[in-house]
1. In this structure, does Gly255 turn out to be modelled with pLDDT under 95 and in a strand (DSSP E or B)?
2. Which condition from (1) open to solvent by 10 Å² or more (accessible area, probe 1.4 Å); (2) under 15 Å from Ala344 (Cα atoms) is the one that Ala235 breaks?
3. For region 98-115, name all the residues that are out of contact with any Gly (no Cβ under 9 Å at 6 or more places or on another chain), open to solvent by 20 Å² or more (accessible area, probe 1.4 Å) and within 18 Å of Ser185 (Cβ to Cβ).
4. Sort out which residues of region 334-348 are more than 22 Å from Gly294 (Cβ to Cβ) and surrounded by 13 or more Cβ atoms within 10 Å (Cβ to Cβ), and write them in order of number.
5. I need the full set of residues from region 188-215 which are open to solvent by 10 Å² or more (accessible area, probe 1.4 Å), assigned to a loop (DSSP other than H, G, I, E, B) and in contact (Cβ under 8 Å) with a residue 40 or more places away in the chain, in order please.
6. Among the residues of region 265-288, are any among the hydroxyl-bearing types (Ser, Thr, Tyr), more than 23 Å from Ala211 (Cα to Cα) and assigned to a strand (DSSP E or B)?
7. Looking at Leu249, is it part of a strand (DSSP E or B) and either closer than 26 Å to Ile340 by Cα or charged (D, E, K, R) (or both)?
Amino acid sequence: MKYEEKEQEQYADMQVGDFQYAAVRDDKAPPARPARKKKSPLMVAGCLVVAGAAIMAVGIAGAGSSRYSADTAEIMETTFVAMEYDPSGNAEIIDMNGIAGVNIVCNAGEVQIVSGDSFSVENTSNVLLYSRSVTDGIMSIEYGVDLDSELSAFQTDGGMLYITVPQMIVDNFDVTVNLGSASVSDLSCGTVKLNLNAGELSVYNLKADNASVKVSAGNAHLDGCTAEGFTSEIAAGDMNINDLLSANLSVSSTGGNCEMSNVNADTVNIGCKAGDISYSGAIESGADINVSMGNVELNLNRSPSEYSIKESSSKMSDITVNGEDLSDFVRENPNGSIPITISANMSDVDING
């Protein structure tokens, strides 16, 4: 079943630009937000003293810096005052008029992004700070200290930056994790870009016209996502993708590993220069596989005899279909209609179904 048919069958309609997407599903529930820990008066006083010293240090060392402006200092000051979680008065509710895109950066600690009725930002940490700015219609939110500043000695305290986002509130939504962890749950948007430079990234029930995930280092996990165009790039680290629906899927690795399960895609493009890529699910319209110094495994929900599997080039590689050499399989099964083209160089490609 092809992408549009599968999408219409499994999901309730939701208009996203020129494409139909699903209402948020509840079968891929993200981890619940932890309750905020109560601090003793002594800890509160200690945090306030450290905060005051940090703000003074920033004022001296970063005078003239646009990152630590007066607005940021005000946010820093209020961050250390509210010690108890208060959902009615602790979050910053943001007017999104004129905002076309959102860029969220996590430099340390934890960021959770969930669906909500309004766009709000709440910091439950007593040591990590956040800043917010708007330039040319793009709102930037940065959490965690600048690792090059004197605030880098701060440690996390179990708190987090908690962000709620209404469905389809902006056209573009970017999340970058430089260090720490981020989770994105039940987000619907036109274009979503997720970048993991180090740390952890978890994504649940993402709906988008186009989505891209780039892992430079660290671990990324995606579950229950839908995107007409989906691209993933792994330079190092590991990516796990489960229950993905996409019309056009592209996966590449230059040194990391990617494991995909229960995937339904019309067209698939896999490029592997190093590392391992495994794919389990459906390929409805065709695939191109280019492998050099890596390994690719396809576990298809159709019989391989339904595919027209061709080897465009192969050097010092082993290509098998259900354990049988590709040339023998093609000779025995000449009538497949769904094209799979393979180029392999010093690699192993195994196709099973």
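1. Yes: the conditions hold for Gly255.
2. (2)
3. Within region 98-115, Val114, Ser115 meet the criteria.
4. Gly336, Ile338
5. Gly199 - this is the single residue of region 188-215 that is open to solvent by 10 Å² or more (accessible area, probe 1.4 Å), assigned to a loop (DSSP other than H, G, I, E, B) and in contact (Cβ under 8 Å) with a residue 40 or more places away in the chain.
6. For region 265-288, residues among the hydroxyl-bearing types (Ser, Thr, Tyr), more than 23 Å from Ala211 (Cα to Cα) and assigned to a strand (DSSP E or B): absent.
7. It is true that Leu249 is part of a strand (DSSP E or B) and either closer than 26 Å to Ile340 by Cα or charged (D, E, K, R) (or both).
One line per residue, one yes/no per condition, for (1) out of contact with any Lys or Arg (no Cβ under 6 Å at 6 or more places or on another chain); (2) of a type in the set (A, V, I, L, M):
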site	(1), (2)
Ser181	yes, no
Asn205	no, no
Asn210	yes, no
Val213	yes, yes
Ala217	yes, yes
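The values are calculated or read from the model by the stated rules, or taken from the named source; none is laboratory data. Small disclaimer: the values here were computed from a predicted structure and weren't measured. No Cβ is skipped: glycine too gets one built from the backbone with ideal geometry, and neighbour counts run over all protein chains shown. These accessible areas exclude ligands, DNA and RNA; they are computed on the full protein's heavy atoms, side chains included. Shrake-Rupley method; radii C 1.70, N 1.55, O 1.52, S 1.80 Å.
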